[in-house]
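> So that we are looking at the same thing, I have put the structure below in structure tokens.
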Amino acid sequence: MNKTLFIGLMSGTSLDAIDVALCRCTESGTSVIDFQTHPLPEHIRSEVTTFSHSKEIDLELLAALDIKLGRLFSEAVLGILKSTSYESSDIAAIGSHGQTIRHKPNTDETAFPFSLQIGDPNIIVEKTGITTVADFRRRDIAAGGQGAPLVPAFHQAVFSSEKLRRVIINIGGFANVTLLDGHKLVGGFDTGPGNSLLDKWIMQHLGLPFDSNGDWANSGSVNGELLKKLLSDKYFLRNGPKSTGKELFNLTWLDTNLQKLGENIPKKNIQSTLSELTAQSISLAVSEFNAHEAYICGGGAHNSDLVKRLIMHLSPTKVENIKKLGFEADHIEAAAFAWLSYRTLNGLASSSPISTGANGERILGAIFQA
């Protein structure tokens, strides 16, 4: 296969948009040629949220949502092709993460671990005419892994540096870290909430989709007792490999802890405490690694309040935006799935057992031929 252009699709837990990255992937490296975001319609966001939290699922409605998302992913691909003047025939493959509906990884409480992402890749192939790689997580789970996070292997490929210990901090709806000791990947796991609780709390009380620059969190003060209560969750006490999601960290989890505390805490102070929770759970998770450098990517890189907290807690480690390494903060995850599709089509392993706990390296993803 001589084509070097790949498209990565990512729709995360924040449900704000579909990220599309047009990348060039070769043995010598990966670069982003173009990047776009396609907002998710409100009714789709509502449907995804309902299915993500409901214990009773209407299979026909879920199947319909699978098709709707497949069409939206296709439109996002066709949009970036049109704006860049590339043809479908120029693209080797699309790597589609899909929209996570439920993530129940391998734990002592889970007899049948699984991870469900939807956005029918058959629709994507038919509407774009491009071979599509999807369903990346389940092979890793079948091999005894968590199925997430999947980006550490990409971080290793593009961000490792000889003789430097680096931490890559990705803050989306949830936060994950990659630990790089020189060119060796020595760890990668979800640390806990990223923007998810911050977004949910401000939406509930101010009707805003997110806390711009972390201004509301910055206007409040941290409640020490609440922070202590939240950080006592057993998830934070576990070592990696580990992964999590909205099944654990959600407003019900927060409300339960608030009720146990029995205090009337100002809403802005709760927002400040949630920002501190994200920062401290990240810093505690990497404290023993003694990194020389830490680089932040994902939507959280734009939250100046959160970044300031991380700089303080990670000191004396130097903390920078991932842009210093040549990638925009918002491009990383979509680019990772372009890279993952490149690896799959070339028969190369792309899992990282050190991150997911799988029994060994695996070629991830199912190939849907054009």
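> In deg cm²/dmol and to the nearest 500, what is the mean residue ellipticity at 222 nm of the chain if only DSSP H runs of at least 4 residues count, each as -39500 (n - 2.57), divided by the residue total?
Details: 14 runs with 148 residues, N = 370.
After summing the helix terms and dividing by residue count, I get -12000 deg cm²/dmol.
> How far apart, in nanometres, would the label points at SER221 and ILE367 be if each is projected 7 angstrom from Cα along the Cα-to-Cβ direction?
6.1 nm
> Sticking with this structure for a sec: Kirkwood hydrodynamic radius of the stretch 78-137 from all distinct Cα pairs, in Å?
13.4 Å
> Share of Cα-Cα pairs in the stretch 218-281 beyond 15 Å, in percent? Working shown, then result.
Working: 1028 of 2016 pairs.
Tail of P(r) above 15 Å: 51 percent of Cα pairs.
> Hey, another quick one. Given H placed on each backbone N at 1.01 Å, which residues far from PHE114 in sequence or on other chains put an amide H within less than 5 Å of it?
LYS104
> Quote the convex hull volume per residue of the chain, based on C-alpha atoms, as a whole number of Å³. It would help to have the intermediate numbers written out before the result.
Numbers: hull volume 48.6 nm³, N = 370.
So the per-residue hull volume is 131 Å³.
> Let me ask something additional. Neighbouring Cβ atoms within 10 Å as the yardstick, rank SER115, SER88, SER74 fewest first. Before the final figure, lay out the partial values.
Working: SER115 22, SER88 15, SER74 25.
So the ranking, lowest neighbour count to highest, is SER88, SER115, SER74.
> State the extension gain, in nm to one decimal, for the chain segment bounded by SER89 and LEU237, taking 0.36 nm per residue of separation less the distance between their alpha-carbons.
On the way: separation 148, 0.36 × 148 = 53.28 nm, distance 4.89 nm.
Extending this stretch completely gives an extra 48.4 nm.
> Binning every alpha carbon pair distance of the stretch 257-370 at 5 Å from zero, what are the percents per bin?
Taking every Cα pair in the stretch 257-370, the percentages come to 2, 9, 13, 14, 15, 15, 12, 9, 6, 3, 1, 0.
> Read phi for every residue in the stretch 124-133 and hand back ³J(HN,Hα) as whole Hz from Karplus 6.51 cos²θ - 1.76 cosθ + 1.60, θ = phi - 60°, with x for Gly and Pro.
Values per residue, Gly and Pro as x: 4, 4, 5, 7, 9, x, 10, 3, 10, 10 Hz.
> Turning to a different aspect of this structure: Using alpha carbon centroids, what distance separates the stretch 67-97 and the stretch 126-195, in Å?
Comparing the Cα centres of the stretch 67-97 and the stretch 126-195, I get a distance of 23 Å.
> Another question, then. If you plug each phi of the stretch 277-288 into the Karplus form 6.51 cos²θ - 1.76 cosθ + 1.60 with θ = phi - 60°, what whole-Hz ³J(HN,Hα) values come out, in order, with x for Gly and Pro?
Values, residue by residue: 4, 4, 5, 6, 5, 5, 5, 5, 5, 10, 4, 7 Hz.
> What order, most packed first, do the peptides 290-302, 9-21 have when packing is the mean number of other Cβ atoms within 10 Å of each residue? Walk me through the numbers on the way to the answer.
On the way: 290-302: 21.2, 9-21: 23.8.
Result, highest mean Cβ count within 10 Å first: 9-21, 290-302.
> Can you give me the relative contact order of the stretch 64-163 as a percent, contacts being Cα pairs under 8 Å and 6 or more apart?
Numbers: 126 pairs, mean separation 30.2, N = 100.
Relative contact order comes out at 30 percent.
> Still on this structure: Using Cα pairs under 8 angstrom and six or more residues apart, how large is the relative contact order of the stretch 1-144, in percent? Don't skip to the end; give the middle numbers.
On the way: 242 pairs, mean separation 36.3, N = 144.
So the answer I get is 25 percent.
> If I model a spin label as a point 7 Å beyond the Cα along the Cα-Cβ vector, how far apart are those points for LEU206 and GLU288 in nm?
About 3.8 nm, to one decimal.
> Along its principal axes, what span do the Cα atoms of the stretch 152-325 show, with the longest given first and each in whole Å?
Its Cα atoms span 51, 30, 26 Å along the three principal axes.
> Right, another one. When the scattering of the stretch 163-216 is computed by the Debye formula from its Cα atoms alone, each counted once and equally, what is log10 I(q)/I(0) at q = 0.21, 0.25, 0.30 Å⁻¹?
-0.74, -0.88, -1.07
> Let me ask something else. Excluding residues on the same chain fewer than 8 positions from LYS127, give the aspartates and glutamates whose Cα lies under 17 Å from its Cα.
Filter leaves ASP66, GLU75, GLU87, ASP90.
> Can you bin every Cα-Cα distance in the stretch 97-208 into 10 Å intervals starting at zero and give me the percent of pairs per bin, rounded to whole numbers?
Taking all Cα pairs of the stretch 97-208, the binned fractions are 13, 30, 34, 21, 3 percent.
> Name the residues of the stretch 231-252 whose amide N is less than 14 Å from a point 7 angstrom out from the Cα of ALA111 along the C-beta direction?
Output list for this probe position: empty.
> Calculate one ³J(HN,Hα) per residue across the stretch 61-73 by plugging θ = phi - 60° into the Karplus curve 6.51 cos²θ - 1.76 cosθ + 1.60, and present them in order as whole Hz with x for glycine and proline.
Computed from phi, the couplings for the stretch 61-73 are 5, 5, 4, 5, 5, 4, 5, 4, 5, x, 5, 5, 4 Hz.
> Here's a follow-up. Just to verify a number: FRET efficiency for ASN264 and HIS183, C-beta to C-beta distance, R0 = 41 Å, to 0.05? Could the numbers behind the result be given before it?
On the way: r = 52 Å, r/R0 = 1.27.
Efficiency computed from Cβ-Cβ geometry: 0.20.
> Of TRP253, LEU61, ALA349, whose Cα points farthest to the positive end of the dipole of the chain (charges on the beta-carbon: +1 Lys, Arg; -1 Asp, Glu; origin at the Cα centre)?
ALA349
> Restricting to Cα pairs below 8 Å that are 6+ residues apart, what does the relative contact order work out to for the stretch 152-325? Please round to a whole percent. Walk me through the numbers before you get to the answer.
Numbers: 307 pairs, mean separation 48.9, N = 174.
Relative CO of the stretch 152-325 lands at 28 percent.
Since every read-out is calculated from the coordinates, none of them should be taken as a lab result. Just so you know, these numbers come straight off a predicted model, no measurement behind them. In this analysis, Cβ positions are derived from the backbone assuming ideal geometry, glycine residues included, and neighbour counts consider all displayed protein chains.
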